[in-house]
Amino acid sequence: MEQFGFWNKILHVDLSHRETRIEEPGPAFYRHYGGGRGFIAHFILKYVPEGADPLGPNNILIFAPGVVTGAPVPGAGRHSVGAMSPLTGGYGESESGGFWGAELKRSGWDAIVVHGQADTPVYLWINGDAVEIRDASHLWGKVTGDAEEAIIEELGDPRIRVAQIGPAGENLVRFAAIGNDLNEFASRTGMGAVMGSKKLKAIAVRGRTPVPMADQKVLTGIAKWVSSTLEQNHRSFHEFGTGDNMQGKNLQGGMPSLNYRLGQAEGVELIDARAIREQVREDMKACYACSVRCKKVVHIEQREEDARSEKGQQIAVDPLGRYRVDPKYGGPEYESLASLGSNLGIKDIVAVCKSNEICNYLGMDTISAGATIAFAMECYEKGLLTKEDTGGLELNFRDPGVVVQLLEMIGYRQGYGDLLAEGSQRVSERLGQGSENFLTTVKGLELAMHDPRHVAGMRGSYLLAPTGGDHMGQHDTKGGMRNVVGMCHFLRYDEQQALDILNAATGWGVDQDDYFELARRTATLARLVNVRAGFTRKDDAFPPRFHEDLPMHKGITDEQEAAIVEEFYQRYGWAIDTGIPTAATIRELGIEEDARTVASFIHA
Amino acid sequence: MNTADTNIAISLNLFGDLRRYLPPGQDGPMRITCAPGTKVVDLLRRLGIADEAETAISLNGELASITDVLHDGDEVVLFGPTAGG
């Protein structure tokens, strides 16, 4: 049977025994699970035993593009990475753009499932069909930029794409990221720490075969539509990336400020995407097959004498002579501008860019890193933490120097950074003293930088995403499905266009109802992972901070929260009182086998 | 009295996703003339901005509502919702 959008080849790598095997699950598997979250939840339920330590040998790490990933159309450069999360203890997943996911598809593989743990550092080299587990002792300890350079030099092909961890992943920082192409990150829920626990430094990929598509003509038409309507549809992304609206969010009282307390921050205009463009930006870069080019590249030199490029262009200089920011690590997008800027009271654009670069070369999530520091700073301000606790560091809001210092300490688990590397919820459990009132987490994951008191539309995402405080709309059809099939959220495709892309890639001929069913199936699978991990309805809740009023917005009430949660349970066929998917829903979605290890939790 | 004499002129800038409503190549702020009594909502409709509820409106640096009336010399900035990333 002819197949499109996938190869029917999943690579399993057992690092404990240094073996690989190929799974050919058949076309029905792809139609049933789609990719991304569907693959991840399926493999977790199949292979990870209940109660397994996320950083132990029984966890698995899944690299899962979707059936659209690698299609020749803008937005098709996305892939997901998933495992049991060492940060939340539940379902872990994050998505990334760039080129790596499409390159993996072009190398003839639909996904990689990594089992076990290596006893010494290794990396994977996937050169089309050929898969090699190679020694990575010489790469261990290297920052991402140096490691990528060494791998490409060693393998001798500049077109190789590398996904990897930095020192933060090696040091099991619980919010460590997996970076690819140096400036793209699957950074949420600590997937980098899982990779580090497996002593897997990197996966280098080289592909040469385009993925077969069912209807190339439709995809070409949509790609042309994106490039010919750039001005109308993607102008802001093209010119600024994200973060062009921060002044508006601030004006409306919804900008995260001083650990989500104020809603307005002084000097937002000094660190937004406009300030970046005017002062420190060198370029904009694209992901695979995308004409939007929405990724910022910043370049700052420490000294005036270094601030002229080979082409004679003027490069930004740190006026205080403190930092150099290397353009190979890209630049900060909105979440990072807020988490490493406004939410810490920082309006120093050079320091924010430096903090972002540190997270990128050490391989850490900018959101959780910034939010954990913000939490610690509030504890310090309130006297719950003192200089004696922090080894002499004064954790004051508005101090960019201490943030830069702390990020390095977290990545290398030095001094007080060792505790902060556990994430804000574990720090709070250690501290006690009412510090839980300063947390900004749902299910242990620090919320992204869209205050749910201001942006009502984000409430469902934070409450019901299987990963916790995730802003990507994982819980709804549109957001969840894009992550499943491997399609970027920033492309302004309407629902019909998104379906057209999926159908042109796969030839499935799905309609909106099928699309919703796939979203519901994959969300339900991820929910089952959380049910088995001990999460209950009470975990679908905001922490006290978001029940407090902001100066311009009311706190979220228990009734509002319950209404969102119950409406969703009902729509998805999960029991209203427990949030556990019902037996009827599991049958209807055809996931009885996946649910086998969760059976004791499920009632008719 | 000539109507043109009574028209007011405002400065308008669009940030974020709303930039797509700017004429191609134009980077704002734009000068716009309109009739006295024009409200912010009239301006949004003239520009074709449909998502009124999600638009943050700055009128002379202060948060404004769509029912506010514009006056000669006003500086209006419209912001769309913030995307993450």
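A few comments on the model shown:
Residues are listed down the side, and each one gets a yes or a no for (1) modelled with pLDDT of 90 or more; (2) of a type in the set (A, V, I, L, M, F, W, C):
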site: B:Q26; (1), (2): no, no
site: B:L44; (1), (2): yes, yes
site: B:G48; (1), (2): no, no
site: B:A64; (1), (2): yes, yes
site: B:E75; (1), (2): yes, no
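- Candidates in region A:563-592 are the residues that are without any contact (Cβ under 8 Å) to a residue 60 or more places away in the chain, open to solvent by less than 30 Å² (accessible area, probe 1.4 Å) and not in a loop (DSSP other than H, G, I, E, B); of these, the one that is farthest from A:Q425 (Cα to Cα) is A:A583.
- Tallying residues that are touching a strand residue (DSSP E or B) at 6+ places or on another chain (Cβ under 8 Å), open to solvent by less than 20 Å² (accessible area, probe 1.4 Å), facing chain A (nearest Cβ under 9 Å) and part of a loop (DSSP other than H, G, I, E, B) within region B:34-85 yields 2.
- Candidate set from region A:270-282 (those that are within 12 Å of chain B (Cβ to nearest Cβ) and in contact (Cβ under 8 Å) with a residue 40 or more places away in the chain); member that is farthest from A:F375 (Cα to Cα): A:A273
- Matching entry among A:A519, A:A541 (being within 27 Å of A:E50 (Cβ to Cβ), at pLDDT below 95 and within 28 Å of the chain's Cα centre (by Cα)): A:A519
- Any hit, region A:318-340, residues being in contact (Cβ under 8 Å) with a residue 40 or more places away in the chain, in a strand (DSSP E or B) and closer than 25 Å to A:A176 by Cβ: yes
- Restricting attention to region A:224-235 and to residues that are more than 8 Å from chain B (Cβ to nearest Cβ) and surrounded by fewer than 20 Cβ atoms within 10 Å (Cβ to Cβ), the residue that is nearest to A:T440 (Cα to Cα) turns out to be A:L230.
- Single residue of region A:236-250 satisfying the filter (facing another protein chain (nearest Cβ under 7 Å) and of a type in the set (S, T, N, Q)) that is most open to solvent (accessible area, probe 1.4 Å): A:Q247
- Filtered residues of region A:472-494 (kept if at pLDDT 90 or above and either surrounded by fewer than 24 Cβ atoms within 10 Å (Cβ to Cβ) or in a loop (DSSP other than H, G, I, E, B) (or both)): A:G486, A:M487, A:C488, A:H489, A:F490, A:L491, A:R492, A:Y493, A:D494
- Selected residue (only one of A:G263, A:G267 is modelled with pLDDT of 95 or more, more than 8 Å from every other protein chain (Cβ to nearest Cβ), surrounded by fewer than 23 Cβ atoms within 10 Å (Cβ to Cβ) and touching a Leu at 6+ places or on another chain (Cβ under 8 Å)): A:G263
- Residue in region A:237-254 that is under 22 Å from A:V68 (Cα atoms) and either in contact with a Cys (Cβ under 6 Å, 6 or more places away or on another chain) or not polar (S, T, N, Q) (or both) present: yes
- Single residue of B:G61, B:G28, B:G84, B:G37 found to be of a type outside the set (V, I, T) and touching a residue at least 24 places away in the same chain (Cβ under 8 Å): B:G37
- Screening the candidates A:A526, A:A498, A:A533 for the property of being closer than 19 Å to A:S96 by Cβ, among the hydrophobic types (A, V, I, L, M, F, W, C) and surrounded by 19 or more Cβ atoms within 10 Å (Cβ to Cβ) yields one hit, A:A526.
- For region B:12-28, the set of residues classified as assigned to a loop (DSSP other than H, G, I, E, B) and at the interface with another protein chain (Cβ under 8 Å from one of its Cβ atoms) consists of B:L22, B:P24, listed by residue number.
- Single condition A:D157 does not satisfy, out of (1) touching a helix residue (DSSP H, G or I) at 6+ places or on another chain (Cβ under 8 Å); (2) in a loop (DSSP other than H, G, I, E, B): (1)
- Condition met for A:T366 (touching a Leu at 6+ places or on another chain (Cβ under 8 Å) and touching a residue at least 24 places away in the same chain (Cβ under 8 Å)): yes
The values are calculated or read from the model by the stated rules, or taken from the named source; none is laboratory data. Given the structure is predicted, the values throughout are model-derived calculations rather than measurements. Cβ atoms come from the backbone with ideal geometry, glycine included; neighbour counts cover every protein chain shown. What goes into the accessible areas is simple: the full protein's heavy atoms, side chains included, and nothing from ligands, DNA or RNA. Shrake-Rupley method; radii C 1.70, N 1.55, O 1.52, S 1.80 Å.
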